[in-house]
1. Name all residues of region A:144-163 having a backbone nitrogen under 16 Å from the label point set 7 Å from the Cα of A:Gln126 along its Cα→Cβ direction, giving them as ranges.
2. For helix A:183-193, report the angle its Cα long axis makes with the longest principal axis of the Cα atoms of chain A; keep it between 0 and 90° and round to the nearest 10°.
3. Ignoring ligands, DNA and RNA, what percent of the 1.4 Å accessible area of region A:350-421 is carbon and sulfur?
4. Of all the Cα-Cα pairs you can form in region A:163-251, what percent are over 23 Å apart?
5. Can you give the angle from 0 to 90° between the axis of helix A:214-223 and the longest principal axis of chain A, with both taken from C-alpha atoms, to the nearest 10?
6. Mind checking the per residue accessible area of chain A for me, 1.4 Å probe, whole number of Å²?
7. When the Cα centres of region A:262-319 and region A:7-23 are compared, how far apart do they sit, in Å?
8. Where does region A:1-113 land on Rg(C-alpha)/(2.2 N^0.38 Å)?
Amino acid sequence: MVKPSIPKGTRDFTPVEMMRRNYIFDTIRNVFHKHACLPIETPAMENLSTLMGKYGEEGDRLLFKILNSGDFTKGVDFQDETQSTNKLAAQLCEKGLRYDLTVPFARFIVQHQNELTFPFKRYQMQPVWRADRPQKGRYREFYQCDVDIIGSNSLLNEAELVEITDEVFRAFGINIVMKINNRKILSGIAEIFCSPDQVTDLCVALDKLDKIGREAVCAEMLERGISQDAICGMAPLFELSGLSNEEVLAKLEQMLAASETGLQGVAELRTVLDYVAKMQIATNLEIDVTLARGLNYYTGAIFEIKATDVAMGSISGGGRYDNLTGIFGLKNMSGVGISYGAERIYDVLNELNLFPQHILTPITAMFVNFGGDDEIYALQGLKALRDAGIPAEIYPDKAKIGKQMNYANAKGIPYVIMAGENERAQGVYTLKNMQTGEQKSLVIGEIVEAMKNDE
RNA sequence: GCGGUUGUAGCUCAGUUGGUUAGAGUACCGGAUUGUGGUUCCGUGGGUCGUCGGUUCGAAUCCGACCUGCCGCCCCA
């Protein structure tokens, strides 16, 4: 016998967990529908060539690769030590599990460009896989809920994503702060203070400011080859927290006066904030110039969302990408999107006790099984309830009443219906409220009515 | 990928310097109670002590490797 187990970082979901997860997906899907977004799905596995090189060096390492079928060692030289692991893997694996939903989406757009109407608003809620080391809130298989608007440069789309985010988290009752930045601002900073090709090093270091503090960030910048002079020049960046969005924009405009790109980033940010204000979106939107995010395909706005009432990593993130489809041969297709992390949202809802009670009791009534003719009589009542759209079941065996009651109790079924010889003779059913213990003799129509009103 | 830490019944955990047949609570199942659950009482079952190897007369206990969960780094939903 094998000991039952599942791979590291993966999980089973119990009925209670699934009902909660479905509540999350349903809630998000409703908001997406309201914003006229259309659903798509893509396969769990993509060609490795689609995936490799899109997420940086780190991303390549975290990709799950799928061993070729058949004689996969044929023609592969394992002795050749000049081959890197990556090159060897490329010979052995031509497929991999998707790492996120955005790159497969870009592939999808290019492949189906002639069937789609642009601007295209899509949503997609599917699992993704990363060979990361699991920790709390970090899994190797997890779900993302993505929404993207592609084929339009309009900053109205950024504003709409803020609006969608606001609606999603308001529906959950989660208080959030939404941080926003613009990659062009980061490029401008690199342009002015160090050099444009150091923007990645700059971002990686700057991104850690709230975590490791100013001094450690400066130390990391030095280590990454950014000069002391440049770091001193950037000093005002470290002093922006606490300022209003307007004040931050003004300061950035000063600092970036010599960079066209940088100023454009500031202008974009200002426009988005302006839209958001005019649309009267209540979400707390905060400029954070240290927000960089690792994904190197972002070119404009960058978003990140954190729950304010619980200590947890970001529950959502996204941004604008101008050229993601370019690598698949389609130019001039700018898009902006955001991704909500289902398991992070689950943990937040759980920790703050925000899951609604009603999602846990999908079964409204259970008929006790007395066997024989009583069983048939119960089945008739059961059908009436189901026809009326009331989720109900009958205990399948003629077991002891205590056992059947226990079953209903353990499953949290709010109503138990009993009908034996006496009830059958009178054409009624005994309805028992499991919470109060109260019992009533009613005809089936009255029971249906009572339960409909109860909902 | 690097460093640290954890693992005993379905669950929460005891288990003495290494010493007979590894315990408790809870849950489960059965009974007290054959048309009434949540409270109570009694009883049954349930363990390759994470896995493999080593030290030892003897290992849940000491050592090593691996696996898993967790924490930090990297990165990130």
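The values are calculated or read from the model by the stated rules, or taken from the named source; none is laboratory data. If you're wondering where the values come from, they're calculated on a predicted model, not measured in any experiment. Ideal geometry is used to build each Cβ from the backbone, glycine not excepted, and the neighbour counts take in all protein chains shown. We work out accessible area using only protein heavy atoms, side chains counted, and drop any ligands, DNA or RNA first. Shrake-Rupley method; radii C 1.70, N 1.55, O 1.52, S 1.80 Å.
1. Label zone hits: A:144-148.
2. Once rounded, the angle reads 30 degrees.
3. Working: 1970 of 3820 Å².
Heavy-atom surface of region A:350-421 belonging to carbon and sulfur, 1.4 Å probe: 52 percent.
4. Values: 1317 of 3916 pairs.
Cα-Cα pairs in region A:163-251 separated by more than 23 Å: 34 percent.
5. The helix A:214-223 is inclined about 60 degrees to chain A.
6. Details: 22880 Å² over 455 residues.
Averaged over the residues of chain A, the accessible area is 50 Å².
7. For region A:262-319 versus region A:7-23, the Cα centre distance is 30 Å.
8. On the way: Rg = 18.9 Å, N = 113, 2.2 N^0.38 = 13.3 Å.
Taking N as the residue count of region A:1-113, the ratio is 1.42.
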